[in-house]
1. Scan 317, 257 and give me the residue that is in a helix (DSSP H, G or I) and touching a Lys or Arg at 6+ places or on another chain (Cβ under 9 Å).
2. All but one of (1) in contact with a Gly (Cβ under 6 Å, 6 or more places away or on another chain); (2) open to solvent by 30 Å² or more (accessible area, probe 1.4 Å) hold for residue 333; state the number of the condition that does not hold.
3. Condition check: among the hydroxyl-bearing types (Ser, Thr, Tyr), at pLDDT 95 or above and either part of a helix (DSSP H, G or I) or open to solvent by less than 100 Å² (accessible area, probe 1.4 Å) (or both). Does residue 351 satisfy that?
4. Restricting the first residue to the range 231-260 and requiring it to be of a type in the set (S, T, N, Q), which pairs with a second residue that is part of a helix (DSSP H, G or I) meet a Cβ separation below 7 Å and a spacing of at least six or different chains?
5. Give the range 310-330 a look and list any residue that's surrounded by 13 or more Cβ atoms within 10 Å (Cβ to Cβ), of a type outside the set (Val, Ile, Thr) and in contact with a helix residue (DSSP H, G or I) (Cβ under 8 Å, 6 or more places away or on another chain), or say none.
6. When residue 200 is evaluated against the numbered criteria (1) among the β-branched types (Val, Ile, Thr); (2) over 30 Å from residue 97 (Cα atoms); (3) loosely packed, with under 13 Cβ neighbours inside 10 Å, which criterion, by number, is the only one it fails?
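The values are calculated or read from the model by the stated rules, or taken from the named source; none is laboratory data. These figures come from a predicted structure and were not determined experimentally. In this analysis, Cβ positions are derived from the backbone assuming ideal geometry, glycine residues included, and neighbour counts consider all displayed protein chains. The area values use the complete protein model at the heavy-atom level, side chains included, leaving out ligands, DNA and RNA. Shrake-Rupley method; radii C 1.70, N 1.55, O 1.52, S 1.80 Å.
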Amino acid sequence: MENQLETCKNCEQQFEKDFKFCPHCGQQAKNELTVGVLFYNTISNYFSFDARFFKSFFPLLFKPGYLATQFIQGKRLLYLHPAQLYLFISVVFFFLLTTTVVRDQVQDLDTVLKKTLKNPIISDSTKIEAQKALDSVKLDSILIPLKEHGIPGIKNKQIESLDSIIKTNAKDTKTAALTFDFDERKVDSLVAINAANEDVYRAMGMPDGAGSIKRKFYEQSLKFYKHRNGGQILQAAYDTIPISLFILLPIFALILKILFYKRGRYAHHLVFSFYFFSFLFSVFSIILLVNYLWDVPDWIDWLLVMSTFFYLFLAIKRFYKQGWFLSFFKTGLATFVYLMFVTPIAIIIISLVGFLFY
């Protein structure tokens with residue numbers, strides 16, 4: 001007797017009628033739409049993710065290299081997928097970073113720039129004349145008689161140092177304000193009469209025949225000069241970090257592949273990197289959250305940050321199964337190459353992208 005076949009309503013493939021689920025796509029065979037069916041998949045998927053997340057999160061924190069080893073050995077449903085775990089924890093981290101740090105830094109930077117880069121109220125010629133007058137004054141001729149006769153409440157040593165303090169502070173104030181590397185008065189006059197951007201760019205120093213990238217640089221420079229919105233540049237740089245990590249993480253995996261070229265395929269090193277970066281984001285998230293709730297001493301924060309190196313060392317020792325000394329040496333070498341070469345280049349690129357596209 002032939003088995004009766006049924007057609008799946010989802011993938012339209014045939015399967016035996018006695019099956020409860022389609023062997024091709026996994027959809028339930030008899031799924032008449034009820035309230036229970038409507039919410040079953042959502043609730044099931046949520047609690048399945050929740051359970052696997054906690055099964056993965058605690059070994060991630062306290063068992064270096066364990067999850068990567070289990071995943072490579074084939075246990076890929078018991079724990080959360082490395083890429084899924086990384087995405088979830090990174091979203092939490094960048095949310096905390098934005099709400100606890102970035103927003104305040106953006107506002108503070110805008111405030112500082114608007115104060116230090118604002119157009120001076122006193123003209124340059126007035127400042128020069130004032131400085132000449134100050135240099136011509138013999139403060140000693142005023143202070144020495146005060147020293148001889150004495151001033152109630154002021155000691156002679158304080159009078160002796162007053163002259164040097166006044167002149168030192170006066171000279172320091174000349175460099176207090178930030179300036180741009182072009183004729184600001186000429187640019188201001190062109191902006192005031194709504195001159196064409198080309199004329200303003202040339203006044204700022206853009207050469208004739210400049211390429212699109214250089215032109216974009218002057219365009220953004222003028223935008224920054226007009227609005228003093230450095231906070232938006234910082235915000236754009238922070239927004240670029242999550243995307244750049246999709247490049248930085250594979251580079252870290254490539255460094256591991258070079259150091260452990262006989263220890264598996266590149267995908268194995270990528271799995272290890274996903275779990276390690278998930279651990280990094282977990283530690284940084286904990287630091288941000290704890291500092292937001294309580295005023296934690298800085299040495300504790302630095303201790304937690306430094307502990308990530310020893311975590312990496314233990315993870316490499318467990319995952320790659322090499323000796324203690326060799327594991328420690330390769331951990332230090334990987335960390336040095338990544339922090340001294342990859343990270344600075346990434347910071348420069350992120351800053352340029354943030355400036356060019358804010």
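1. Within the list 317, 257, the selection yields 257.
2. (1)
3. no
4. Sorted first by the residue in the range 231-260, then by its partner, the pairs are 235/102; 235/106; 240/350; 240/353; 240/354; 244/346; 244/350.
5. Matches in the range 310-330: 311, 312, 313, 315, 317, 318, 319, 320, 322, 327, 328, 330.
6. Status for residue 200: all satisfied but (3).
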